[in-house]
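The values are calculated or read from the model by the stated rules, or taken from the named source; none is laboratory data. Keep in mind it's a predicted model, so treat the numbers as computed, not measured. Because the Cβ atoms are built from the backbone with ideal geometry, glycine has one as well, and the counts that use them run over all protein chains shown.
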Amino acid sequence: MTKVKTVFVCNSCGYESAKWLGKCPGCNEWNSFYEEKLTKAKDGSFSGDKKTKSIKPSKLNSVEGKEAIRTSTGVNELDRVLGGGIVKGSLVLLRRGTRYRKINVNSSNL
């Protein structure tokens, strides 16, 4: 009979835990764990269908920027900081004092 082991893996940093955690101790992200089932191989090691990404680093001078359509917020200083306005579908974090506010921009906001 095949032995199955359950491991919880952080989607952000790859930290593994035997139980689900609300906050990852590796990267401090909230609700980033997913469940992964590992099966025991004949040699005694566990293997599973890990969500691995094959991302290779690239030099910044080799990356090309893309122009995006920006929508004006109506606040000149905010538009200047955002590079001319808000990009549709983007996420903007605003800070006032010690509080952060997240703005999701979708078609209903524009």
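If you filter the range 31-67 down to residues that are at pLDDT 85 or above and assigned to a loop (DSSP other than H, G, I, E, B), you find that the one that is farthest from residue 15 (Cα to Cα) is 59.
For residue 107, the conditions (1) in contact with a strand residue (DSSP E or B) (Cβ under 7 Å, 6 or more places away or on another chain); (2) at pLDDT below 85; (3) of a type in the set (Gly, Ala, Ser) all hold with the exception of (1). Among the conditions (1) modelled with pLDDT of 90 or more; (2) within 17 Å of residue 9 (Cβ to Cβ), the only one that residue 76 does not satisfy is (2).
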